[in-house]
Every structure is written in structure tokens, then in C-alpha cells.
Amino acid sequence: MADKVHLNEDMFQPAEGNFKEAEKIARPTVSYWSDVWRRFKENKLAMTGFILIILLVLMAIFGPYINGYTYYGQDFDKKNLSPNSEHWFGTDSSGRDLFTRAWYGARISLFIGLMAALIDFLIGVLYGGISAIRGGRTDNIMMRFAEVIYAIPYLLMVILMMVVLKPGILPIIIAMSITGWIPMARLVRGQVLQLKENEYIHAATISGANTSWTLRKHMIPNTMGPILVNLTLTVPTAIFAEATLSFLGLGVPAPQASWGTLTSDALGSILVGNFYQLLIPAILISLTMFAFNVAGDGLQDALDPKLRK
Amino acid sequence: MKWEVCPIKDIPHFSIANLNISCIHFRFQLLRKSMIGVITMLRYTLNRFKWAIITLWAVITLTFIIMHTIPGNPFAKEGAMPPAVYENLQVHYGLDKPLLTQYGNYLLEVVQFDFGPSLKSSSISVNDYILKGFPVSLHLGAQALVIAIFFGLILGVVASLKRNKWPDYLSMIIAIVGISVPNFILATILINYFAIKWNIFPVATWATWQHTILPSIALSMMPLAFIARLMRTSMLEVMGQDYILTAKAKGLKRSGVIIKHAIRNALLPIITVLGILTANIVTGSFIIERIFGIPGMGDMFVKGISNRDYPVILGSTIVYSAVLILLIFIVDIAYTLIDPRIKVTGEKK
């Protein structure tokens with residue numbers, strides 16, 4: 001037999017306080033995006049990339065004004081100087097200050113990269129979205145068309161377009177956008193098609209939500225993640241393509257500079273031993289490619305709730 | 001009644017009467033299934049082939065349109081030219097005919113693998129250029145692809161097996177370098193150190209196998225990095241699967257598990273990206289061939305661009321695209337044959 005437990009009335013007290021307090025949500029709600037940001041911040045490599053991007057953008061804006069030279073100013077007495085206190089990155093074969101030119105090049109390269117990504121984004125989202133929402137025959141035709149164009153390699157197509165267009169910044173962006181939007185369109189289409197079949201979209205439709213509501217409240221926020229990742233990864237592709245074009249002599253015309261033209265100009269100088277002329281734009285291109293790729297990868301991981309610890 | 005053992009499958013043999021029937025039935029079912037499989041596979045292949053041809057046609061048409069909207073003229077660089085000579089040249093190359101006729105003629109010639117004469121040097125036809133340049137480019141491209149696949153796979157597998165140890169970090173660094181450093185920069189850095197400073201390899205041109213080393217490395221870095229990263233992810237995913245656990249539980253050796261079960265299954269995603277990687281190598285070869293002065297198709301293409309030599313540009317674009325389309329076609333078919341999980345339904349949704 002177990003021991004008897006003696007209970008008397010003074011062992012009990014009425015519970016104090018409000019029961020509703022226990023159910024209260026004490027911490028602020030963590031929205032999806034703040035959660036993403038939290039996860040992104042924990043990824044050291046991705047944060048390095050992100051900070052690098054910010055630094056590069058800042059230097060592209062202010063860099064050309066820092067040491068008082070212009071990107072086109074030539075000084076034939078000071079040709080091929082090694083980096084020194086006056087010319088921090090040295091000078092090129094026409095006596096132009098490479099520090100200013102490098103950051104002016106950053107401006108053009110980054111501008112081309114960002115603009116190409118933005119145009120790809122706009123066309124891609126429109127094309128892919130329409131294709132997926134229309135569905136059926138329209139979808140079939142639109143996607144077949146995209147697939148056929150996509151069979152031509154991106155860079156080959158850009159080079160072909162640059163043969164037709166005059167050299168310059170705008171033509172480069174146009175040439176890149178002509179096929180560049182296709183991966184984005186395919187991505188958006190796939191995402192929307194997948195979402196369309198989800199229960200919560202059906203639930204919203206049944207509850208009386210119209211198309212624009214579903215688009216605004218469900219489709220766009222839920223497709224935003226992969227689109228953003230794709231956008232981040234488009235920038236380095238575009239910068240790389242621009243560098244390649246400039247390297248082939250199809251890039252921005254002479255007094256202007258991009259990282260591609262700087263590397264291309266420096267190619268002859270390595271035989272003379274002025275390797276630094278090539279090294280500086282090379283490092284800048286590589287750093288940018290690295291930063292955007294790493295940040296894009298980190299973003300991809302951060303956006304995936306399945307990877308949450 | 002004879003006692004037979006069904007040769008195909010262990011089918012209940014306690015009932016003699018049942019045995020033969022079920023065996024025959026089973027055989028029939030198997031035959032029917034494989035017949036259906038072969039027919040759908042054929043239909044799928046034909047459908048893919050049809051699209052490959054349509055794509056190729058679109059490429060030819062598109063390049064033709066692009067080339068003929070060019071503002072410049074191939075003879076513009078010759079300087080002052082008597083109008084009569086100019087007109088004769090136009091007539092000689094068929095540039096005076098209506099565009100549609102030019103297009104029709106061109107299409108007819110392309111089907112017969114005739115890309116016409118080069119506009120710059122009329123004694124040499126585009127076919128000659130292609131025949132001369134293609135083997136060189138194929139050699140370079142194939143060598144780069146082999147390097148990329150071989151080292152990429154090894155790096156990926158080792159990185160996944162030694163996760164978060166130094167081999168993993170090493171492969172990550174190589175992957176980052178491969179993806180961040182554009183091939184033309186890598187090429188010039190390689191030339192600067194290996195050829196100019198240390199004198200290990202020749203600087204440029206294309207003669208002995210030593211000449212092929214630097215351009216192949218420069219060309220293979222990006223695909224190598226891509227394969228290494230993909231293989232690492234794929235291996236990590238496969239290693240977490242139940243069948244790996246089963247294989248380990250059966251008492252298989254670690255090497256057996258990795259080679260027979262893990263790597264073979266992890267290879268599948270690599271096959272799908274081979275098309276993209278080849279495209280990368282093809283476009284990379286333009287620059288690499290130019291830097292190293294390799295007389296391949298990429299060099300011919302780039303020269304064709306600066307000379308505004310339409311037939312050369314058109315010809316090389318079509319050959320490049322045809323090679324890529326063919327490769328993607330093969331990869332598509334191979335993928336469905338290799339991966340039993342992919343069911344071909346005849347119609348693509």
C-alpha cells in the first residue's frame with residue numbers, strides 16, 4: 001500500500017495573475033525576410049561577399065575623384081610608372097593614372113552588370129509570368145521560342161550582336177539582354193507553375209481572392225527568393241561577358257575604360273615586365289565575381305527554410 | 001508435365017501447374033513492357049531530334065538576319081574602290097540579289113555543308129578554314145573537358161569525403177578561383193609565370209604537346225570548379241541516402257560503398273550539365289585561342305568578326321551551334337537511358 005497523502009485546504013491557493021499572459025507572444029514576430037537576413041549574417045563567406053560588394057560600389061562612386069587625376073588625362077613624361085605615392089596603382093602606357101582608371105572602370109563594369117541584371121529581371125519576370133499564368137498553347141509556344149534561342153551560347157550571341165551594334169555601353173547592355181532574360185523567364189515560369197498548384201493558392205482562390213491579390217500576396221513574395229538569387233548571379237556573368245567583349249576589342253571605346261579594356265590594354269605590357277598593369281584590373285574583376293557569386297550562394301542558402309537549424 | 005524452373009524470375013514453384021503459365025505470363029509481360037519502353041524511347045528520341053533540327057534551323061536563320069543588318073560592308077575596308085569593281089564584287093558574291101534569294105541559296109548550301117568562299121581571301125573557302133581549324137579546336141576543347149571532368153570529379157569526391165577538413169577547403173579555394181578568375185586573366189597569369197618567368201612551357205602557338213598544356217589548363221578551370229562543386233553537393237546528398245546505410249550495414253568495404261554506390265549515383269547531375277560546360281569551353285576557346293595564337297576555329301571566328309567576313313562568322317557560328325545541339329541531344333538521350341528514375345512518357349509536360 002502506498003503512503004497516504006494528506007491534503008488539507010491551506011495547501012491550496014488560488015492561482016494569481018492572468019491566464020492570458022501565458023499565451024501572450026512576448027517576442028516580436030520574426031518575418032520571413034528578417035529570418036533570411038539573420039541566417040545570411042551567420043554565413044561568414046556570404047557576408048564577406050556582401051561587404052565587398054558595398055565597398056566596390058562605394059569605390060566605383062567616389063574612387064575616380066580621390067587622387068585628383070582624370071581617367072583620360074595623359075602625361076607622356078610619366079609612362080609605365082610602377083605604383084608610387086603619386087600614382088597609387090602606377091600609370092599605363094599613355095601615362096594615365098591607373099588608380100583613377102581602375103575605379104572609373106569599376107563604375108562602367110558594375111553599371112553594365114547591374115543594368116543587364118535589371119533588364120533580364122524585368123523581361124524575364126514578365127515573359128515567364130505571362131507564360132505560366134496563360135498556360136496551355138501560349139505557354140508551349142513561348143517556351144519553345146525561348147528554348148530555341150537559348151540553344152545558342154550566351155557569349156556567342158552577345159559577340160554576334162556586338163558585331164551588328166556600334167561599340168558603347170548601351171549597345172553592350174542591349175546585346176546582353178537579348179538572350180540574357182531566358183534563364184530568368186524559365187525560372188519564373190517554373191516557380192509560378194509550381195505555386196499555382198499549391199493548396200494555399202487554391203484556398204485563397206476559393207476564399208474569393210482575385211488574380212491581382214494572389215499575385216501580390218502569394219505569388220510575388222514566394223517567387224522573390226529564387227529570383228533574387230538569380231539576379232545576384234547574373235551580375236558576375238554580365239561583368240564577365242563585358243570583360244570578354246572588351247578583351248576582343250568589341251567593348252567600350254577608347255578613352256573610356258572598363259575592367260575588360262584595362263586588362264586588354266595591359267596584355268602587351270606583361271611582355272615588357274609591367275605585370276602590375278594587368279594584375280590590378282584582374283584582381284578587381286576576380287574580387288567582384290567572387291563577391292557576387294559568394295553572396296548569391298549565401299542568399300540561396302539563407303532563403304531556404306529547410307536549411308534552418 | 002515437366003518440372004521447369006522459370007529462368008527469368010523465382011516464381012512460386014510449389015504448384016507445378018502454375019509454374020509454366022506464370023513463367024510464360026511473366027515473360028510476356030516483360031516483353032510487352034520492354035517493347036513499350038523501346039517504342040516510347042524511340043518516339044522520345046525522334047521528338048528530341050526534331051527539335052534539335054528546328055533549333056539548328058533557327059540558329060542559321062538568326063545568324064543570317066543578324067549578319068545582314070550589319071551597317072558596315074565587307075569591302076568597305078579596301079579603301080577607295082572603283083564603283084564598277086565594287087559592283088562586280090557584289091555580283092560575284094551574290095550580295096546584289098534580294099535577301100530572300102540569298103537566304104534560300106545559303107540554306108541550300110549549308111545543308112550540303114558548303115559555307116561558301118571567305119570574303120577576305122577569296123582563294124580560301126570557309127570550308128577550308130573550318131576543316132583546318134576544327135581539329136585543333138576539338139583537340140584543345142576535348143583536352144580541357146577531360147582535365148575538367150577528371151580533376152573536378154576527384155576534387156569533388158575527396159572534398160565530400162573529407163568534409164570540413166583541408167581537402168574540402170582546398171577544393172573550395174580551387175572552386176572559388178575557377179569561378180572568380182576569368183579565363184583570359186588566368187591565361188595571361190599562366191603565361192607570365194610558367195612561360196616568361198620560369199620558362200617551363202612555351203609562350204604561345206600550337207606545335208608540340210607542351211604547347212597544349214597552358215591553354216588547356218586556362219580553358220578547363222571554370223568547368224573544373226563547377227564540376228567539383230556540383231560533385232561535392234551531389235556526393236553529400238547521396239551519402240545521406242538510406243541505400244548507402246544499407247550497403248554499409250551489409251558490411252561492404254568503405255571503398256566499395258563509395259565507388260559502387262555513392263559515386264555512380266552522384267554522377268547523374270554531372271551528366272546534365274555537360275552541355276552547359278561544353279558551351280563554356282567553346283566560348284572560352286575564342287579568347288584562349290587568340291591569346292595563345294592557336295590556329296583553331298575560335299581564332300578564325302574572332303578574325304572573321306574584325307574583318308566583317310560574313311561567311312566565316314556564319315559558318316563558325318553554325319558549326320559551333322551544331323556541335324552543341326548534337327551534344328545536348330546525346331546528353332538528353334543518355335540521361336534517360338542511364339537514370340531509370342526518369343520515365344519517358346513521350347510527351348513533355
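A few points about this structure:
- Given charges at Cβ of Lys, Arg, Asp, Glu: region B:104-199 dipole, positive-most of B:117, B:184, B:161: B:161
- Rounded to the nearest 20, the Cβ-based charge dipole of the protein assembly as shown about its Cα centre (Lys and Arg +1, Asp and Glu -1) stands at 1700 debye.
- Average accessible area per residue (Å²) across the protein assembly as shown - probe 1.4 Å, nucleic acids and ligands excluded: 55
- Computed with every protein chain present, the accessible area of residue B:312 is close to 0 Å² [probe 1.4 Å].
- Pairs exceeding 32 Å between alpha-carbon atoms, taken from A:41/B:165; B:50/B:260; B:165/B:260; A:44/B:197; A:217/B:50: B:50/B:260; A:44/B:197; A:217/B:50.
- To the nearest ten degrees, helix A:32-42 and the longest principal axis of the Cα atoms of chain A are 60 degrees apart.
- 3J(HN,Hα) along region B:145-158, derived from phi through the Karplus expression 6.51 cos²θ - 1.76 cosθ + 1.60 where θ = phi - 60°, amounts to 5, 5, 4, 4, 5, 4, 6, x, 5, 4, 4, x, 5, 4 Hz, with x in place of Gly and Pro.
- Accessible surface buried once B binds A (1.4 Å probe; total of both sides; Å²): 3500
- Gained length - residue B:337 relative to residue B:97, 0.36 nm times residue gap less alpha-carbon distance: 81.6 nm
- Solvent-accessible area of residue A:276, all protein chains in place: 40 Å² (probe radius 1.4 Å, heavy atoms, ligands and nucleic acids excluded).
- Space enclosed by the convex hull of the alpha-carbon atoms of region B:260-333, per residue, Å³: 97
- For region A:197-206, putting each phi into the Karplus relation 6.51 cos²θ - 1.76 cosθ + 1.60 with θ = phi - 60° gives couplings of 8, 6, 4, 5, 6, 4, 4, 5, 4, 5 Hz, in residue order, rounded to whole numbers and with x for Gly and Pro.
- Shape call, region B:193-345: gyration tensor on alpha carbons, a/c limit 1.5: oblate
- Axis of helix A:136-150 versus longest Cα principal axis of chain A: the two differ by about 40°, to the nearest ten degrees.
- Tensor-based shape of the protein assembly as shown (alpha-carbon gyration tensor, a/c under 1.5 rounded, otherwise prolate or oblate): oblate
- Rounded, prolate or oblate (a/c below 1.5 giving rounded, otherwise prolate when a/b exceeds b/c) for region A:158-276 by Cα gyration tensor: prolate
- Among the protein heavy atoms, those of residue A:65 account for about 150 Å² of accessible surface (1.4 Å probe, every chain in place).
- Taking the accessible area of the protein assembly as shown, probe 1.4 Å, and keeping the other protein chains in place, the carbon and sulfur fraction comes to 66%.
- For residue B:125, nonlocal amide neighbours, meaning residues 5 or more places apart or on other chains whose placed amide H falls under 5 Å from its own, are B:118.
- Dipole orientation for the protein assembly as shown: of the candidates A:123, A:204, A:60, A:204 has the Cα lying most toward the positive pole (charges on Cβ; Lys, Arg +1; Asp, Glu -1).
- In order along region A:275-283, the Karplus-derived 3J(HN,Hα) couplings, from 6.51 cos²θ - 1.76 cosθ + 1.60 at θ = phi - 60°, round to 5, 4, 4, 7, 4, 5, x, 4, 5 Hz, and Gly and Pro are given as x.
- Computed from Cα atoms alone, the Kirkwood hydrodynamic radius reported for region B:139-179 is 10.7 Å.
- Ranking of A:29, B:101 by solvent-accessible surface, largest first: A:29, B:101 (1.4 Å probe, protein heavy atoms only, all chains present).
- Inter-part distance where region B:324-338 and region B:164-219 are each reduced to a Cα centre, Å: 30
- The residue among B:218, B:273, B:261 whose Cα reaches farthest toward the positive pole of the charge dipole of region B:217-313, with charges on the beta-carbon of Lys, Arg, Asp and Glu, is B:261.
The values are calculated or read from the model by the stated rules, or taken from the named source; none is laboratory data. Fair warning: this is a prediction, and the values are worked out from it, not measured in the lab. Cβ: placed from backbone, ideal geometry, glycine included. Neighbour counts: every protein chain shown. When the accessible area is computed, the model is the full protein with side chains, heavy atoms only, and any ligands, DNA or RNA have been set aside. Shrake-Rupley method; radii C 1.70, N 1.55, O 1.52, S 1.80 Å.
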